[in-house]
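The values are calculated or read from the model by the stated rules, or taken from the named source; none is laboratory data. Keep in mind that what you see is a predicted model, and the values were worked out from it rather than measured. No Cβ is skipped: glycine too gets one built from the backbone with ideal geometry, and neighbour counts run over all protein chains shown. When the accessible area is computed, the model is the full protein with side chains, heavy atoms only, and any ligands, DNA or RNA have been set aside. Shrake-Rupley method; radii C 1.70, N 1.55, O 1.52, S 1.80 Å.
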Amino acid sequence: MNDPPPIGGAPEMSRKSYETVRRGLAKRRAAERRFRCYGLSAILLGLTSLALLFASIVSNGYTAFRQTFVGLDIYFDAELIDPQGNRSPESLATGDYGGLVKRALSKVFPAVSSRSEKRALYSLVSTAAAIELQRRAVREPSLIGKTVKVWLPADDDVDMYVKGHIRRGAGESARRLNDRQLAWIDELIEQGNIEQRFNKTFFTAGDSREPEQAGIWGAAAGSFFTLVVTLALSFPIGIAAAIYLEEFAPKNRWTDLIEVNINNLAAVPSIVFGLLGLAVFINFFDLPRSSPLVGGLVLTFMTLPTIIIAARAAIKSVPPSIREAALGIGASSMQTVFHHVLPLAMPGMLTGAIIGMARALGESAPLLMIGMVAFIVDIPHSVMDPATVLPVQVYLWADSPERGFVERTSAAIIVLLAFLITMNALAVYLRSRFERRW
Amino acid sequence: MFWGVKVNNRLLLAALGVAIAAWQGHAQARDYISIAGSSTVYPFSTVVAEQLGKAGKLKTPKVESTGTGGGFKLFCGGVGVNYPDIANASRAIKKTEFQNCQRAGVKEIVEVKIGYDGIVVAQSKSAAPLDLTRREIYLALAKRVPDPKCQDCGKLVDNPYQTWKQIKPSLPDSKIEVLGPPPTSGTRDAFAELALEGGCQSFGWIKAWKEKDENEFKSICQAVREDGRYIESGENDNLIVQKLESNPNAVGIFGYSFLEQNADKVSGASVDGVRPDYDSISSGQYTVSRPLFFYVKKAHVGTIPGIENYIAEFTSERAWGEDGYLVDKGLIPMPAPERKQYAADAKRLKPLSM
């Protein structure tokens, strides 16, 4: 067997190698099966943790979309709410609407007399009720002098109790609501005067320190203005930079250096951009703190590298034959780029821009330095108004002691995730709809 | 095929418009109060701000949560609309910070003490109530403690205690497991100063060190062990409450307002024989408590609308009084005479001197 194989021993060789292959086959197949198992388990692990995350957020947060309301027969007493007696909005604005709520509550529970008990009773209804009644009276002055059943938001403690987040079993001292208050709530539930309804406030109000009055609209508007500034700056600048670097710039040491720097910038921790923004825009240019303008400028720094890298990749993927054809029939370089390369690269660029925007939407660290981690009640109406953004709102609520903010934190995360998923889905759609393959 | 160009031009124009708006905007005056500082004062400051906004006439002040030190840095940046009008602080202003203020032209500062904040050592309701002293807290949490074999010999060793029982036989035989804030937190600073340093001073020979070498003394007394018995749990106190609920052996450290809001889940351990509640903290019997302040830039009063109203609202009885709405949010009020004194000083805008 040790003899060298005879000339023309190909069949002998192939049989030998066939044997070798056959012997190793089971092992190779097992290795392949194992590898597939690893991949599958990696995906399963990822999906499980994602499902767990979603499940915990949704199960914590879905209750925040409903709010407890107390139904009260409110008598719109002209004496209390219309001091000047002329039903004008100015006069109605100075009325004592809290008094209306107190009277209605006293009517339901006439036995309550001592001062401290009254205080406990009145605290069942949110302080926002007075503002709501005032708005109603100004809108419909015909209500004055009549008794109408009005559904008013309950206090956050009542809301938490009705939703089952406050345990009845614990002693009185361990609860935010005392035994009398629980008895009153039970009576109101029996009468059918406590109901859970859709929480409109959550989607229309700005921040508040009372959970039942807090909403995410202010933060959503802040996020919108910030992203508008970011998009308006980073998209044109990013694409201009990408086109120049890909189509016009000479390939030399300088452009290499620029390329390395752009790739580096994409990996810089975002807080660094916040510090830069503080030093440049606020301290040097004197732009107002906490404004979406400064926030947008800082996030522009952060998203520019992402957009440039994505746009360059999109331009690179346009085949050179297109350019050569255009140049061949006499187009100038600029015409080639703007008539042919750019439209073909646009879907890829848009995808990059949307992913960059989604990242900017979820960013909170750089905004700390420029004053956007702040309590802001008034809803911003321009890029110069003080504002906060959705992820910062999540952070601020997560840190609030009131029990009602626990579910609202999760609800705000749900809203933020909904925005992110929409944006990423849009990116996928654009890619599949407009992408051309060669 | 020109759409690419057109879109780009339009976007460039939009960007230009934004830039121009920015330059015009920066000359505008600010018509709302700007407040920055401690995250401990933030919950109280924001409630007052919201009240002010609801009253109608004024815009709701903006309150930033930057931490006490960060707040002073901004506040002492100078006089003008870009600097905050009010700084919230969970400790008194330091001499260096005051000097920084003076150098930047912020000459007159009004100090307003608003009440107290207790730091509680809490555990799950289902656990047997703990009864600790500051000395035991120090022994449980410090990085280096006096040698257990001979506590008065003047020898420090790395913290050897693993269970509470090892510190004192009457304490439960469970592992020391303390969830608390990270070093960046003001609550942690205050806890280290009040509880750890307080307990540390019960050893006469360590106390004597203070005269010799203050820095060394501080590092002995305030350094927290890093062997996993003290678990840094982020700035989120709600998370600590949740963890305590699921682990009856664990002990958590956080502000009194979180204990108050979660009294059905956690209870506060007594420190030096005193349980944390309104009366004991307000009277100063509960030792792990600190005063809270806000500081007003006098130069801005009259320029920025509403600062006087904010001060008046904060120092009114319906806010910081014993039945006030700030007490509902967990503020521990000062005794009545002290409130009266501070309200009067605040009204006169009595400047701080150092």
So for A:TRP217, B:TRP209, what's the accessible-area order with a 1.4 Å probe, most first?
A:TRP217, B:TRP209
Which of B:LYS94, B:LYS298, B:LYS57 ends up with the largest GNM mean-square fluctuation for chain B, with Cα atoms connected below 10 Å?
B:LYS57
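How much area per residue is accessible in the protein assembly as shown when the probe is 1.4 Å and only protein heavy atoms are counted (Å²)?
Details: 37570 Å² over 792 residues.
That works out to 47 Å² for each residue.
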Partners for A:LYS107 among aspartates and glutamates (Cα-Cα distance below 12 Å; same-chain residues under 8 apart left out)
A:ASP73
Hey, in the GNM for chain A with a 10 angstrom Cα cutoff, which one of A:THR68, A:THR336, A:THR303 fluctuates hardest?
A:THR336
Which residues of the range B:237-279 bury at least 50 Å² of accessible area once all protein chains are present, versus their chain alone (1.4 Å probe)?
B:ASN238, B:GLN261, B:ASP264
Working from Cα positions, state the angle (0 to 90°, nearest 10) between the long axis of helix A:10-61 and the longest principal axis of chain A.
20
Amide H within-cut-off set for B:SER270, under 5 Å, with H built and near neighbours excluded:
B:LEU130, B:LEU132
Eligible aspartates and glutamates near B:LYS212 by straight Cα distance, threshold 17 Å, same-chain separation 8 or greater:
B:GLU197
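Can you give the mean number of other chain Cβ atoms that lie within 10 Å of the Cβ atoms in peptide B:152-161? Don't jump to the answer; show the numbers that get you there.
Working: counts 0, 0, 0, 0, 0, 0, 0, 0, 0, 0.
Average neighbour count from other chains, rounded to a whole number: 0.
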Rounded to the nearest 10 Å², the accessible area of A:LYS107 at probe 1.4 Å
150
Nonlocal amide H pairs with B:LYS125, under 5 Å, H built at 1.01 Å
B:VAL266, B:SER267
Reachable lysines from B:LYS340, Cα under 17 Å, same-chain residues fewer than 8 places away excluded?
B:LYS113, B:LYS350
At 222 nm, what helix-only mean residue ellipticity would chain A give, in deg cm²/dmol to the nearest 500, using -39500 (n - 2.57) for each DSSP H run of four or more?
-20000 deg cm²/dmol
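Give the peptides A:50-63, B:43-56 in descending order of average Cβ contacts within 10 Å, highest first.
Values: A:50-63: 13.5, B:43-56: 21.9.
Packing proxy ranking, top to bottom: B:43-56, A:50-63.
When you look at the Cβ of every residue in A:374-386, what mean number of other chain Cβ atoms sits within 10 Å? It would help to have the intermediate numbers written out before the result.
On the way: counts 11, 14, 8, 12, 6, 0, 0, 0, 2, 4, 6, 3, 8.
Per residue, the average neighbour count from other chains is 6.
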Apply the Karplus curve 6.51 cos²θ - 1.76 cosθ + 1.60, θ = phi - 60°, to the phi angles in the range A:274-281 and return the couplings in whole Hz, x for Gly and Pro.
x, 4, 4, x, 4, 5, 7, 6
Mind ranking A:HIS165, B:HIS300, A:HIS381 by accessible surface for me, highest first, 1.4 Å probe?
A:HIS381, A:HIS165, B:HIS300
Solvent accessible area, Å² - A:ASP186, 1.4 Å probe, full protein context
50
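Using packing as a proxy for protection, rank B:156-163, A:83-90 so that the peptide with the highest average count of other Cβ atoms within 10 Å comes first.
Values: B:156-163: 14.6, A:83-90: 11.1.
Sorting B:156-163, A:83-90 by mean packing, highest first, produces B:156-163, A:83-90.
Net charge within 12 Å of A:ILE243 by Cβ-Cβ distance, Lys/Arg positive one each and Asp/Glu negative one each, not counting A:ILE243 itself?
Values: positive: A:ARG312, A:LYS316; negative: A:GLU246, A:GLU247.
With Lys, Arg at +1 and Asp, Glu at -1, the net is 0.
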Under the 7 Å Cα-to-Cβ spin-label approximation, A:TRP217 and A:ARG433 lie apart by a distance in nanometres of 2.9
Karplus ³J(HN,Hα) for the range A:360-367 (6.51 cos²θ - 1.76 cosθ + 1.60, θ = phi - 60°; Hz, whole; x = Gly/Pro) runs 5, 5, x, 8, 10, 4, x, 7
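222 nm [θ] for chain B, helices only, -39500 (n - 2.57) per DSSP H run of 4+, per residue, to 500?
Numbers: 17 runs with 143 residues, N = 354.
Mean residue ellipticity, 222 nm, calculated: -11000 deg cm²/dmol.
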Please compute the modelled spin-label separation between A:ILE421 and B:LYS149, points set 7 Å along Cα→Cβ, answer in nm with one decimal.
6.3
Which are the unpartnered cysteines of the protein assembly as shown, meaning those with no other cysteine Cβ under 4.7 Å from their Cβ?
A:CYS37
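To the nearest 0.05, what FRET efficiency results for A:LEU52 and B:SER246 with a Förster distance of 25 Å applied to their C-beta separation?
Values: r = 16 Å, r/R0 = 0.65.
It comes to 0.95.
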What FRET efficiency do you get for A:ARG197 and B:VAL274 if R0 is 45 Å and r is their Cβ-Cβ distance, rounded to the nearest 0.05?
0.50
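Considering only the protein assembly as shown, what is the antiparallel percent among its DSSP beta bridges, to the nearest 5? Present the calculation step by step, with values, prior to reporting the outcome.
Working: 44 of 59 bridges.
The antiparallel proportion sits near 75 percent.
For peptide A:234-245, how many partner chain Cβ atoms fall within 10 Å of a residue's Cβ, on average? Before the final figure, lay out each step's value.
Working: counts 1, 6, 9, 3, 0, 4, 2, 0, 0, 2, 0, 0.
Average neighbour count from other chains, rounded to a whole number: 2.
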If Lys and Arg each add +1 and Asp and Glu each add -1, what is the summed charge of the other residues whose beta carbon sits under 10 Å from the beta carbon of A:ASN193?
-3
Name the GluC sites (Glu not before Pro) in the range A:401-437 that are in a loop by DSSP and that have at most 14 other C-beta atoms within 10 Å, would you?
A:GLU435
Around B:ASP117: net Lys/Arg minus Asp/Glu count, Cβ-Cβ under 14 Å:
0
Could you give the length gained by full extension between B:ALA336 and B:LYS94, i.e. 0.36 nm per residue of separation minus their alpha carbon distance, to one decimal place?
84.5 nm
To the nearest 10 Å², what's B:TYR342's accessible area with a 1.4 Å probe?
50
Based on the Cβ-Cβ distance from A:ASN261 to B:GLU193, what FRET efficiency comes out when R0 is 41 Å, to the nearest 0.05?
0.35
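Mind checking which helices in chain B clear 27 Å along their axis (Cα) and have mean Kyte-Doolittle hydropathy of 0.5 or more, DSSP H runs only? Each step should come with its number before you reach the end.
Details: long enough: B:3-25 (33 Å, 0.84).
Result, helices passing both filters: B:3-25.
As a test of reading the structure, rank B:LYS212, A:LYS16, B:LYS149 by solvent-accessible area (1.4 Å probe, protein chains only), most first. It would help to have the intermediate numbers written out before the result.
Working: B:LYS212 160, A:LYS16 135, B:LYS149 185 Å².
Heavy-atom accessible area, descending, gives B:LYS149, B:LYS212, A:LYS16.
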